[in-house]
Amino acid sequence: MYKVSVIIATYKRPAETLKCLGLINQSHGLKESFDLEVIVVDSSPNLDTRLAIIAKNFNFNLNYIKLKKQTLPGKARNIGINKAKNEL
């Protein structure tokens, strides 16, 4: 079984982030061919994204990281990569 990490950097996009997580959750082979860890790195000024995603049940491990200030997507992804436990 493969172990994979997915990094999602987001800023003020709770609906889009939730949709992305929903599509990942529908992946064929999830929990059969591969285990998935998803890391959401959020640099939004509010908790809207967190509130949108924590209420949902996903078939993968979800790690939410809240940054204190707006961060460029590349830097946010690098933060997620440093926290990842699996192949990217």
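The values are calculated or read from the model by the stated rules, or taken from the named source; none is laboratory data. Worth saying up front: this structure is predicted, and the values here are computed from it rather than measured. Cβ placement follows ideal geometry from the backbone for every residue including glycine, while neighbour counts extend to all protein chains displayed.
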query: Of the residues that sit in segment 63-75 and are among the polar types (S, T, N, Q) and touching a Ser or Thr at 6+ places or on another chain (Cβ under 8 Å), which one is surrounded by the fewest Cβ atoms within 10 Å (Cβ to Cβ)?
result: 70
- prompt: Of the conditions (1) assigned to a loop (DSSP other than H, G, I, E, B); (2) modelled with pLDDT under 95, residue 35 fails just one. Which one is it?
  reply: (1)
statement: For segment 16-62, the count of residues that are in contact with an Asp or Glu (Cβ under 9 Å, 6 or more places away or on another chain), crowded, with 16+ Cβ neighbours inside 10 Å and of a type in the set (S, T, N, Q) equals 2
message: Quick test for you: out of 78, 82, pick the one residue that is part of a helix (DSSP H, G or I), modelled with pLDDT of 95 or more and surrounded by 12 or more Cβ atoms within 10 Å (Cβ to Cβ).
response: 78
query: Being more than 19 Å from residue 88 (Cβ to Cβ), modelled with pLDDT of 95 or more and assigned to a strand (DSSP E or B), is that true of even one residue in segment 45-62?
result: no
- request: Those residues that are within 20 Å of residue 76 (Cα to Cα), part of a strand (DSSP E or B) and either of a type in the set (Lys, Arg) or within 10 Å of the chain's Cα centre (by Cα) (or both), I need them from segment 1-30; list them, please.
  value: 5, 6, 7, 8, 9, 10
